[in-house]
Amino acid sequence: MTEQSMTRAEYLQEVEPLFQDHQARLEASRCLFCYDAPCTRACPAGIDVAGFIRRLKEENAAGAAQLIFEANILGGTCGRVCPVEILCQEACSHTELSDPIQIGRLQAYAWSRGYDRLDITAPKKTSPGRVAVVGAGPAGLAAAAELARLGLGVEVFESGEGAGGVLRSGIPAYRLPEEVLQSELRLIDRLGVTFNWNREFGRNLLLDELRSAGFDAILLALGLGQSARVGIPGEELKGVFWAADLLSMIKRDPQGREELAASLGPRVVVIGGGNVAVDTACSLLRLGVAGVSLVCLEGPGEMPAFPSEVRFALEEGVELVTRSRPLRITGDEAGTVSGLEGVGIEWKEPGCFLPENAVSIPGTEFRLRADSVVEAIGQRCPRGVLETLELELTPQGLIHVDPETGQTSDPVIFAAGDMVTGGATVVQAVAGGKKAAREMYRSLEGKK
Amino acid sequence: MSRNVDLSIEFCGIRFDSPFLLAASPCTDDAEMVARAFQAGWAGAVLKTTSVEDTPVDLVYPMIVGLDHEDKRIFGLGNIDLISHHHIDVIEERIRTLKARFPDKIVAASMMAATRENWTAVARRLSRAGADLIECSFSCPQGTLGSKPGFMLGQDPELAGEVTGWVKEGAGPTPVVIKITPQVADIVEVAQAVKEGGADGICASNTIPSLMGIDLETFEPYPRVDGKSTYSGLSGPAIKPITLRVIAEIARHVGIPITGTGGASDWRDAAEFMLVGARTVQFCTAPMHYGYRIIDHLKDGLERYLRSKGMQAAGELVGRSLTHLVNHEELSRTKKVVSRIDSRLCIKDDLCYLACRDGGHQAIELGEDRIPIMDEEKCVGCGLCLSVCPVPGCLRLEEVSREKAPAEDNSE
């Protein structure tokens with residue numbers, strides 16, 4: 001073990017420990033409690049931020065959690081995974097006086113102290129209809145909870161064996177402990193939502209089937225299931241992985257995760273500059289991989305990963321190889337990964353960080369030794385699923401919806417989440433799910 | 001360039017090397033502690049109150065409860081302490097020891113008694129022991145000696161004047177200061193009575209009878225002494241405005257030297273006490289919270305302040321604000337002020353808008369950029385918006401000519 005790896009954090013060690021009671025009260029006391037608070041306006045899920053902070057200050061954590069819960073069923077999760085520095089905290093008026101209020105940490109605290117004391121009234125049975133939600137990721141869960149609270153019968157169909165989507169299988173446990181998601185899923189259960197597992201849309205779950213089963217409206221919230229390929233030579237070698245698969249295996253296998261990391265070898269190269277690439281690199285370091293390099297096209301300030309995530313990666317000991325284009329994954333005689341070759345780039349047009357705008361700089365070719373390579377350049381909607389739906393698509397190949405309502409070109413079918421946005425934050429998925437849910441309710445109410 | 005400023009000040013014929021002394025309290029109930037305070041630079045100390053009654057002083061614990069305000073601890077401090085549990089023999093010995101070691105520091109003794117004989121006898125003993133000053137507690141809210149529960153001598157002007165005379169009999173040449181309570185209907189009447197009784201000065205004032213709070217889990221009030229509680233004496237920053245009023249009232253209406261105490265935490269508070277008439281300022285809660293070391297900052301702050309005001313001596317501050325103080329009916333009604341905003345400083349919390357809407361005159365509207373817009377027609381200049389704005393200088397009251405103003409608003 002190197003000296004550096006001796007001091008590394010454990011995989012499960014939380015990045016930001018929960019506030020203790022007195023710390024939360026102290027932090028909440030700094031809040032100005034603005035009129036028409038900018039933090040509240042900046043929250044995609046519409047949480048009454050100033051309100052819940054006020055309740056924390058008054059040592060009413062259950063009341064604070066209630067405000068969070070009413071706006072965001074995944075409020076505990078979002079308190080931990082939201083990019084607050086570009087949302088609520090960026091809007092915080094207190095920034096002008098000293099530092100913004102640590103809203104994310106206060107939200108995580110409120111949830112942890114109050115989620116088990118929420119007032120959840122069983123919805124009245126004045127249902128204007130039954131609704132199917134396809135996909136149990138953040139958008140699907142937020143929609144299901146909202147629909148259930150509005151009094152509709154909700155059934156969720158999920159391809160896997162558990163709910164959460166990226167929360168369940170993507171976001172590392174050091175950022176989102178399993179029990180936070182579980183607490184939120186229990187609330188959704190209490191709202192009376194029914195779940196159907198192992199129902200993969202397009203395979204053993206078809207749209208016509210849902211229509212004929214008598215659902216009055218259908219929400220598609222499948223997410224992006226398929227990892228994008230970089231498309232360079234060597235991707236077929238033994239030792240090439242896709243980040244989503246790897247993160248899922250790590251998250252879902254507490255017993256086997258260290259063994260899995262060890263099997264990757266001492267040197268791993270991750271390709272990609274987004275949050276998933278950072279999550280992968282940091283997870284592997286925390287699980288004992290000796291050295292992890294992250295190779296991406298963008299410079300440090302240009303990466304799509306949140307600035308806080310990039311800082312975190314550097315603190316954790318990830319080697320950043322930026323403004324670099326991977327050219328080929330090299331292998332040995334046995335067909336196993338031996339390294340990655342790449343070249344430095346510059347941007348043709350300044351400020352446009354897309355692959356087609358990158359120009360290789362001759363003479364800057366490099367080679368990194370690697371025992372495994374992980375590709376983390378994003379996800380796409382699985383091929384073949386959208387095409388069969390006969391719904392209008394966007395030029396990017398995403399489902400086209402009315403941005404105000406989430407309604408697709410088929411008035412009975414709505415869509416939300418990453419398959420509409422192409423990949424965004426958890427809280428944006430929640431916001432999309434909620435919006436679609438309300439519109440579905442409204443459209444069914446109108447039909448009554 | 002710095003000119004020398006004289007921090008020393010005279011009070012009751014005694015010169016203090018600065019206006020800052022320690023009040024009768026746990027801070028002054030031990031000779032070594034007081035010695036350390038003198039070494040740290042305090043001008044004097046009022047030793048914790050002594051007496052000669054037969055019953056031993058029976059203290060209870062816990063005796064101290066803090067009152068927090070949001071993120072700040074000890075906005076106020078409540079205590080159910082009593083007088084010193086040390087015998088008067090010990091106090092006499094302390095006076096002698098401290099005076100021998102620190103001849104230039106002021107050692108004041110605080111006393112109380114239950115009978116005429118004892119008021120006189122204790123004063124005599126303290127005077128003979130060499131106390132520079134005798135302070136009489138007519139105002140400890142708890143543990144009153146020999147009278148009805150909760151009663152303070154300082155609440156009966158006639159009795160207060162009479163007892164002052166008894167003390168003077170025993171005190172001989174030693175000046176006598178009476179420590180009064182703010183918990184009276186007419187502070188002037190009491191001050192006048194003790195002055196007529198022969199007091200050389202007044203200590204204004206003391207802690208305020210209070211109930212410090214309730215434990216919401218157990219329903220027991222604080223401090224909790226084996227499931228029961230009682231009323232506390234409240235000190236600390238929370239009571240400063242009350243003390244200021246008491247000092248000002250006495251200074252305006254009774255010609256008698258005042259030592260101020262109750263809620264001063266720093267040199268700024270002390271300067272305010274002096275500006276309304278105090279010659280010296282006694283500290284208790286602040287050194288109990290932050291230690292004797294605060295004396296450095298008290299002296300430095302006051303010295304620089306005096307210099308900045310072109311004053312040579314601390315005494316020049318005394319009573320300077322009193323000419324600005326009148327009764328409500330004498331306040332000007334002829335000038336109109338309105339609130340104006342420096343929008344460059346606005347941080348868009350819009351608390352002023354909310355305050356004016358729900359606690360004022362709906363004189364503030366919000367622009368599209370969230371910057372408040374003042375309606376000078378509606379604004380009566382009440383000052384609430386300035387109080388809620390977290391940015392100093394963002395809002396200010398400015399005089400407008402009365403002629404231009406609309407019909408007078410008589411709603412208040």
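For chain A, the relative contact order is 17 percent, taking Cα pairs closer than 8 Å that sit 6 or more residues apart in sequence and dividing their mean separation by the residue count. Altogether, the Stokes-Einstein calculation at 4 °C and 1.567 mPa s, with the Kirkwood radius of region A:174-287 over Cα pairs as Rh, returns a diffusion coefficient of 74 µm²/s.
The mean number of partner chain beta-carbon atoms within 10 angstrom of a residue's beta-carbon across peptide A:27-37 is 5.
For region A:251-317 versus region A:318-385, the spacing of their alpha-carbon centroids is 15 Å.
Viscosity 0.692 mPa s, temperature 37 °C: give me the Stokes-Einstein translational D for region B:332-404 in µm²/s, with Rh taken as the Kirkwood radius over C-alpha pairs. Once the numbers are plugged in, D ends up at 268 µm²/s. Over all orientations, chain B has a Cα convex hull whose mean projected area works out to 24.4 square nanometres. Our coupling estimate for region B:321-337, obtained by passing each phi through the Karplus curve with A = 6.51, B = -1.76, C = 1.60 and θ = phi - 60°, is 8, 5, 5, 8, 9, 9, 6, 3, 5, 8, 5, 5, 10, 9, 10, 9, 10 Hz, Gly and Pro reported as x.
Show log10 I(q)/I(0) for region A:16-117 at q = 0.11, 0.14, 0.22 Å⁻¹, two decimals, from a solvent-free Debye sum over equal Cα scatterers. Reported log10 I(q)/I(0), two decimals: -0.25, -0.41, -1.13.
The orientation-averaged projection of the convex hull spanning the C-alpha atoms of region B:149-215 amounts to 5.4 square nanometres.
Checking the a/c ratio against 1.5 first, then a/b against b/c, what shape does the Cα gyration tensor give for region B:18-108?
Cα axes put region B:18-108 in the oblate bin.
Computed from the alpha carbon atoms alone, the convex hull of region B:58-108 holds 119 Å³ per residue.
What share of the DSSP beta bridges in chain A is antiparallel, in percent to the nearest 5?
On the way: 18 of 50 bridges.
Around 35 percent of the beta bridges assigned by DSSP in chain A are antiparallel ones.
Computed from backbone phi, the HN-Hα couplings of region A:171-187 come to 6, x, 5, 6, 9, 9, x, 3, 5, 5, 4, 4, 4, 6, 5, 5, 5 Hz, rounded to whole numbers (Karplus: 6.51 cos²θ - 1.76 cosθ + 1.60, θ = phi - 60°; Gly and Pro given as x).
Here, the protein assembly as shown has an Rg and a Dmax of 37.0, 112 Å when only alpha carbons are counted. Under a no-solvent Debye model with one identical scatterer per Cα of chain A, what's log10 I(q)/I(0) at q = 0.07 Å⁻¹? Taking Cα atoms of chain A as identical point scatterers yields -0.37. Derived scalar couplings between HN and Hα for region B:26-40 equal x, 5, 10, 9, 7, 4, 5, 5, 5, 4, 5, 5, 5, 4, 5 Hz in order, rounded to whole Hz, by the Karplus curve 6.51 cos²θ - 1.76 cosθ + 1.60 (θ = phi - 60°), x for Gly and Pro.
Entry note, chain B: relative contact order of 14 percent, from Cα contacts under 8 Å with a spacing of 6+ residues.
Proximity of backbone amide H atoms, modeled 1.01 Å from N, is registered between residue B:283 and B:21, B:22, B:23 at under 5 Å, excluding neighbours fewer than 5 places apart on the same chain.
With contributions of -39500 (n - 2.57) from each DSSP H run of at least four residues, the per-residue ellipticity at 222 nm computed over the protein assembly as shown stands at -9500 deg cm²/dmol. By the Cβ rule of 4.7 Å, chain B holds the following cysteines without a possible disulfide partner: B:12, B:27, B:136, B:140, B:203, B:284, B:346, B:356, B:379, B:382, B:389, B:394. Averaging the sequence gap over all C-alpha pairs within less than 8 Å and six or more residues apart, then dividing by the number of residues, gives region A:314-448 a relative contact order of 14 percent. Less than 5 angstrom separates the built amide H of residue A:73 from none of the residues sequence-distant by 5 or more or on a different chain. Put simply, the amide H of residue A:321, placed in the peptide plane, has neighbours under 5 Å in A:294, A:295, A:296, leaving out anything fewer than 5 places away on its chain.
The tail of the calculated P(r) for region A:259-371 beyond 18 Å holds 50 percent of all Cα-Cα pairs.
The residue among B:383, B:160, B:231 whose Cα reaches farthest toward the positive pole of the charge dipole of the protein assembly as shown, with charges on the beta-carbon of Lys, Arg, Asp and Glu, is B:160. Once you divide the Cα radius of gyration of region A:310-448 by 2.2 N^0.38 Å, the number left is 1.51. Positive end of the dipole of the protein assembly as shown (Cβ unit charges, origin at the Cα centre): among A:148, B:118, A:366, the Cα lying farthest that way belongs to B:118. Considering only A:97, A:393, A:219, the Gaussian network model of chain A with Cα springs below 10 Å gives its largest mean-square fluctuation to A:97.
Computed from the coordinates by the stated procedures, all read-outs in this text should not be read as laboratory data. None of these values were measured; they are calculated from a predicted model. Heads up, the Cβs are rebuilt from the backbone with ideal geometry, glycines too, and the neighbour counts pull from every protein chain shown.
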